[in-house]
Amino acid sequence: MLTTVSLLFGLLSIFNVIKLLPLVDREFVGIEAHFLTEKSLWWSCIFLYISAFIDFIDGKIARLLNNDSEFGAQYDSLSDLVCFGVAPGLLVYIVYLSSYNNLGIMCAVFYIVCVALRLSRFNTLSEDEKDNSFIGLPSPMAAGLLISIILIDYKFALLSSSFAANMFLVSMPIVGLLMVSNITFPKKTFLNSMKKFNALVILSIISITLLTHIEIGSLILFYSYLFFTLGKMFVVRYKNDQSTSTKTSQ
């Protein structure tokens, strides 16, 4: 039931963004003045955030109720493909990449295919491999990296239309490649190693930030996760290279 609700929010995001089509100026890509007052764009992004939150808790609730199943796992992946693949891909294409014609379509399709590949690979992993960490960027986080930029642009109009379009033309394939990469992304954060009370305080601050300034809070949340993981990976590789070179010299 929760997965169905998550899927419904993903579908609402898609149908909501389709309403933006008459507002898109093919000669001037991006969010124009009349576009800025159009709430459909904002709600399309928020619907995906709600879907991501439900996706985060549905598996935990199923295990808590001892009601998890293979059917639920497969259904969850199909829902994720729609909510974090098709919906954000279509959203970015309509708002930013439609003027690029076939190149914009290729960019959006590549991202969606990477989501499908990432979910398929996840389904083939053993339970131990699923429990320890994520291999490749999780699809909800990938969608969040794109959606958070759209929300910031919608809220503050920081990016020029041409710059935003070029940025998504490059960043979408990169995010797609991160999903199908062999980079290990942690399931647990620094909160898991803290005392429960301290973790609760920090979690409360994060929640308040997201609720009051969701555009800024979500951007910090998603990109902190990405840069923390990549930074940790480079540090570990550097230490391993140093250790290897030391052993070789000895």
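Rule-based calculations on the coordinates, nothing more; no lab input. Since the structure is predicted, the reported quantities are computational estimates derived from the model, not experimental observations. Don't worry about glycine lacking a Cβ; one is built from the backbone with ideal geometry, like all the others, and counts go over all protein chains shown.
Key figures
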{"quantity": "Highest average packing first - 212-218, 227-233, Cβ atoms within 10 Å", "calculated": "212-218, 227-233"}
{"quantity": "For the stretch 100-116, 3J(HN,Hα) per residue [Karplus equation, 6.51 cos²θ - 1.76 cosθ + 1.60, θ = phi - 60°, Hz, x = Gly/Pro]", "calculated": "7, 6, 4, 5, x, 5, 4, 5, 5, 5, 4, 4, 5, 4, 5, 4, 4"}
{"quantity": "Rough spin-label spacing in nm, given labels placed 7 Å along Cα→Cβ, for N182 and S204", "calculated": "4.5"}
